[in-house]
Every structure is written in C-alpha cells, then in structure tokens.
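Engineer: Have a look at this one before I ask anything.
The values are calculated or read from the model by the stated rules, or taken from the named source; none is laboratory data. The shown structure was predicted, so the numbers you read here are calculated from the model rather than taken from an experiment. Please note: Cβ atoms are built from the backbone with ideal geometry, for glycine as well, and neighbour counts cover all protein chains shown.
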C-alpha cells in the first residue's frame, strides 16, 4: 500500500514541485495539499495521511505552532521543508525538538532549480517517516540534567555519530554528562548553516561547552565540538594534545561530514583512549569507523532499536560487531561515564 502524504506549503510553486517529486515514486501517493495550517487541519481529519510534508513559514499560523498542536492532539510523522538560511536553521531545530521526524532543506535558489537535488533525499525521508511510531509530544524540562563533576578530570576522547533523530538524541546524551566529561567530538548529518545554531542550542542546555568546531580546536575535557555542515572533521595529535582538523573532500558513506571519517581517525590517533557512540540514523555511516575503534581497544556503545527514530546506523554497526554495549537512549550518558 502506498504511503499517503499531505503537503502543507503556502507556495503554489512549492506544492506543485513537491507533488511532482513524490508522485515520481510508485510507493508514495500525494493525497492532498494545503496552503495553510487551517486548511491542513481539515484535510488531516478528512484524508488521514501517513506522513505530512510541512513548510516552516506560512501565513495565519506558522509551521512550528501548527506542528506543536498537531503533535499534541493528533501525532503524525512530519517532515519539515526548510530554507538553508541561519533563521531557517534555528526554526528547523525547534521543529525537531517539537516532534518532527526530520527535515529536508530547500535549495538556496528557486525550488525548481533544486528539484533533482531534493528528490532522493525527500523520498527516502518520507519512507523512513512512514515507519516511525510517533508519540504524543511532551515538552521536556530544559534544565541541565547533570551539573556534577567527575571525581577526576579525564583526557579520554568521546566520539559520536548520528543522523535522523540525532538532534534530540544528542541533546539527551549531552545533558546527561557533567561539565568536565571527556572532550567530545560529534558528526551529526546536517547541512551548512544548521550546525552553528544547533551547537548554540545545545550550549544553552548542557553543562559542557558546546560549539561548532573550528580548524585546530583542541579537544579538552568539558568541551563538545560539532563538525560544521559540509565539512569533514578528523582528529590529529601533537604531543599530548588532541585537536581537530576541518576539511572538504569527497563525500564518504554518502555524507560530508561523515561519521566514518571521524571515527576512523579516532581509532588511528586515540586507540584505546577513546569511547565511540553510534546513535539513531538511516544508512550505515559510522559503522566501519566504530568497528575500527573497537578493534583499536576503544569502548563502543550503540543505541538500541526500541529507542531509535531510525535503527539504521546502530543496526549496521551492531551487525558488524562494532558495538560493545547496546543501550536505550536514556542510559547512554551513564554508559559513557561507566566507560571512563
């Protein structure tokens, strides 16, 4: 049976392009479109779609407000369609926090010009979203979960890879770590302009300092560095100092930044002095890198299937034998501390 999709966007052009893109896949049926939240509300009741493709900026009621109401009264899988601007990034991150499964960025130029670029990503994410069991969204307490310190400062490295569902999973893990937890380096699949606002959001919530990585940044206890969108990040060493190097290059495992690139470098440079974690996400990026980390003596953790939005990356890693310990999301922060 085809996945039934409702498209909600105030632009007639965008609705036409998205309808055309999704209509090109025989497994997807666009059952309706809506130009604003009020029309969408009525069509959801009438058409009962499996997935909603939702614009961020709309008249009468913005996409975030509509999403929050939808996730409270009638939770459904939602894919946000957002611009690649700084403001669009911040709004999209709020949408993910409010219950959206994932997002697809609108191209910088006219949407028709980016149609081919959007097609594969949008179709793949619609298919993933259709399988997600969405729960009624409850706003979380944004207080820091753990502000205590470790008994001794550690100079281990914590390396994490994540993709679909990772923004919220990372928030839960990092909020569970104390302010002098190991220096942490993260690849979250995310385009340019999104990683900066994402880091700022986490920094406001976590005991550790969180920021977008810059070339040459030292990896130190209490600091979280997030790979900038569209750039790979690797670990280097100079004497006793670990630091990151940021660069371009070809996509690896279909991604830039790639978790495999990061974790492979950690395996080579830090060996047993590291902890590797794979969180929710589709595909297999990071699985080989995590296996190399484990073979080099590092402790490794994978998120379990029940707590994943998408059990893809952790599944591939587990099946490869890369996961030393498999844990539900709410136990991963403690699992990391137990590895120290």
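Engineer: How about region 222-242: which of its residues are assigned to a strand (DSSP E or B) and touching a strand residue (DSSP E or B) at 6+ places or on another chain (Cβ under 7 Å)?
Structural biologist: Answer for region 222-242, where residues must be assigned to a strand (DSSP E or B) and touching a strand residue (DSSP E or B) at 6+ places or on another chain (Cβ under 7 Å): 223, 224, 225, 226, 232, 233, 234, 235, 236, 241, 242.
Engineer: Checking residue 300 against (1) in a strand (DSSP E or B); (2) within 23 Å of residue 231 (Cβ to Cβ), which single condition isn't satisfied?
Structural biologist: (2)
Engineer: Moving on. Just checking, how many residues over region 50-86 are modelled with pLDDT under 90, more than 14 Å from residue 103 (Cβ to Cβ) and assigned to a helix (DSSP H, G or I)?
Structural biologist: 3
Engineer: Continuing with this model, one more query. How many residues does region 301-337 contain that are touching a strand residue (DSSP E or B) at 6+ places or on another chain (Cβ under 8 Å) and over 27 Å from residue 125 (Cβ atoms)?
Structural biologist: Going through region 301-337 one residue at a time, the tally reaches 4.
Engineer: Where residues in region 1-24 are under 25 Å from the mean Cα position of the chain (by Cα) and outside any helix (DSSP H, G or I), which of them is surrounded by the fewest Cβ atoms within 10 Å (Cβ to Cβ)?
Structural biologist: 4
Engineer: Could you tell me which numbered condition residue 284 fails, if it satisfies all but one of (1) crowded, with 19+ Cβ neighbours inside 10 Å; (2) in contact with a strand residue (DSSP E or B) (Cβ under 9 Å, 6 or more places away or on another chain); (3) not in a strand (DSSP E or B)?
Structural biologist: Evaluating residue 284 over (1) crowded, with 19+ Cβ neighbours inside 10 Å; (2) in contact with a strand residue (DSSP E or B) (Cβ under 9 Å, 6 or more places away or on another chain); (3) not in a strand (DSSP E or B) leaves (2) as the failure.
Engineer: While we're looking at this one, here's another question. Restricting to region 25-39, name every residue that is in contact with a helix residue (DSSP H, G or I) (Cβ under 7 Å, 6 or more places away or on another chain) and either over 26 Å from residue 135 (Cα atoms) or assigned to a helix (DSSP H, G or I) (or both).
Structural biologist: The answer is 25, 37.
Engineer: Could you list, in sequence order, the residues of region 243-279 that are closer than 22 Å to residue 324 by Cβ, in contact with a strand residue (DSSP E or B) (Cβ under 6 Å, 6 or more places away or on another chain) and not in a helix (DSSP H, G or I)?
Structural biologist: Of everything in region 243-279, those that are closer than 22 Å to residue 324 by Cβ, in contact with a strand residue (DSSP E or B) (Cβ under 6 Å, 6 or more places away or on another chain) and not in a helix (DSSP H, G or I) turn out to be 258, 270, 274, 275, 276, 277, 278, 279.
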